[in-house]
1. Quick one: which residue in Gly409, Gly358 is without any contact (Cβ under 8 Å) to a residue 12 or more places away in the chain, within 23 Å of Val109 (Cα to Cα) and not hydrophobic (A, V, I, L, M, F, W, C)?
2. Would you please list the contacts, defined by Cβ atoms under 7 Å and residues six or more apart or on different chains, that run from a residue in segment 148-163 that is within 12 Å of Asn124 (Cβ to Cβ) to a residue that is among the charged types (D, E, K, R)?
3. Given the conditions (1) over 18 Å from Met249 (Cα atoms); (2) in contact with a strand residue (DSSP E or B) (Cβ under 6 Å, 6 or more places away or on another chain), which single one is not true for Thr139?
4. For segment 165-182, give me the residue count where each residue is in contact (Cβ under 8 Å) with a residue 12 or more places away in the chain and either basic (Lys, Arg) or outside the structural domain of Thr281 (by TED's automatic domain parsing) (or both).
5. Starting from residues that are surrounded by 17 or more Cβ atoms within 10 Å (Cβ to Cβ) and part of a helix (DSSP H, G or I), keep the ones in segment 68-98 and report whichever is modelled with the lowest pLDDT.
6. Scan segment 373-387 residue by residue and report those that are touching a strand residue (DSSP E or B) at 6+ places or on another chain (Cβ under 6 Å) and outside any strand (DSSP E or B).
7. Take segment 390-419 and flag every residue that is assigned to a loop (DSSP other than H, G, I, E, B) and within 24 Å of the chain's Cα centre (by Cα).
8. Can you find even one residue in segment 250-258 that is under 26 Å from Asp67 (Cβ atoms) and modelled with pLDDT under 80?
Amino acid sequence: MSDTNQPEPLAAGEATPPLETSVPPEFAPSSCGNTPFGGPFYPGRTDITPPNDLGPGEGTKVLFDLDRAWPTGQPIIVKFLNGQNDPWVRQVHQRVQELAPTWCDYANVTMQFVNDGPCHMTVNFLPFADQFGQHGYGTFNCFLGTDCFKLKTQIQSMNLIFTPAMQQWPADFRDGEFHRLILHEFGHSLGMIHEHQRPDRPIVWVQNLFTHAQTAWGWDENMVRQQIVKVENLGHLAGTAFDKSSIMMYEYPQGVAYYQKEGAPANTPDLSRPFRTESNTKLTALDKVAAAVTYPKPGAPRIGEEALKAGAAARTGKLTAAGQVAPFVFKPTAAGDYTIAVGGSMPTLVGLMKQRNGRDSRGSLANIQSAAEGTGSQGAALTLTNASANTEYFVEVRHAKPMRKPDNGDFTIEVRQGA
């Protein structure tokens with residue numbers, strides 16, 4: 001750009017600013033140190049930063065890397081390496097045991113927490129020093145999926161080093177930080193990668209990113225270019241459409257990125273649409289549907305696919321088993337806006353798919369277009385904007401916590417004209 005008053009876009013690439021920190025502004029900032037594929041970054045150590053089809057220190061860049069996903073139904077044994085005699089760390093242990101299994105309501109895995117014996121992955125809770133430097137309070141990272149098991153004898157699978165100063169923080173803020181960091185890192189442990197690192201993200205990073213990274217995280221330009229700007233697009237990937245509210249998305253201030261300008265060449269920022277994100281502390285509906293699709297329950301009875309018609313009377317359905325899915329297809333006869341409404345006594349989790357999911361499929365790239373949750377009178381509603389005539393749209397209905405057997409699995413579904 002020739003106008004010096006306009007932000008200069010960076011070369012097309014990925015971005016991973018390290019905001020996995022539990023410290024508020026009055027504390028020194030720290031970085032998460034995650035590599036693009038979700039694990040701690042150790043320069044020059046290909047045994048710790050393992051090579052893959054993108055080369056050493058590189059990695060796949062969307063929601064799930066199926067090459068590193070655990071087998072469906074996997075019991076994951078998580079070993080706590082230390083802190084059993086530290087009152088503060090024992091509190092952290094408790095929060096991990098409370099929050100991490102949230103994923104098990106949606107993904108067909110289980111988690112068992114132990115202090116000794118065989119395990120699938122390890123978690124460190126205390127500051128440590130090694131040949132790569134000091135790792136103190138505010139260090140949070142995790143290897144991706146089954147790399148947790150592959151590398152656990154060389155270095156801990158996950159770091160959750162919460163500062164004891166959190167005991168003095170406001171209770172709501174402290175609780176939000178526990179949710180944000182524990183859910184995020186255990187998302188990595190299931191094979192999820194950073195939402196902002198996907199190759200199809202609709203954003204353009206600008207030069208202000210360098211200043212912000214230096215101020216907030218202490219990263220120099222070389223580290224920013226290596227860990228933020230560079231982009232690759234390979235791997236066995238599965239996930240949702242871009243979700244800025246995902247638990248796997250960091251918090252970004254306004255001014256470091258803009259949305260891609262529609263109809264313009266790649267890496268052209270739309271200066272009227274600055275990109276920013278909040279501090280995400282909860283799993284979104286898209287996070288939950290992606291986990292359920294990637295970790296399905298084999299053998300769960302699947303209701304036969306039924307066709308939906310706009311304006312027709314609501315259909316009724318019933319789910320009776322954990323992991324069960326009710327699939328539907330909608331093929332509008334005319335282009336326009338439509339609303340797919342799901343209600344009834346069962347709390348629901350509904351996903352809109354670009355393509356039909358096979359019974360044994362664990363998903364594909366960006367196939368999950370949107371998702372919604374609902375219960376009772378506040379049912380779930382999915383909006384189809386500018387739907388094309390004679391195009392099939394696929395809907396999957398699940399219980400709100402798909403891996404739990406429904407107490408009452410009755411639901412209704414209908415398609416209404418208009419958004």
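1. Gly358
2. Met158/Glu185; Leu160/Glu185
3. (1)
4. The qualifying residues number 1.
5. Only one residue tops the list, namely Arg68.
6. Gly379
7. Keep residues of segment 390-419 that are assigned to a loop (DSSP other than H, G, I, E, B), which gives 390-392, 400-409, 418-419.
Passing the criteria: Ala400, Lys401, Pro402, Met403, Arg404.
8. Narrowing segment 250-258 to residues under 26 Å from Asp67 (Cβ atoms): 250.
Add one more test, that the residue is modelled with pLDDT under 80, and what stays is 250.
Yes: segment 250-258 contains one or more residues that are under 26 Å from Asp67 (Cβ atoms) and modelled with pLDDT under 80.
The values are calculated or read from the model by the stated rules, or taken from the named source; none is laboratory data. It should be emphasised that the depicted structure is a prediction, and the values quoted were computed from it without experimental measurement. In this analysis, Cβ positions are derived from the backbone assuming ideal geometry, glycine residues included, and neighbour counts consider all displayed protein chains.
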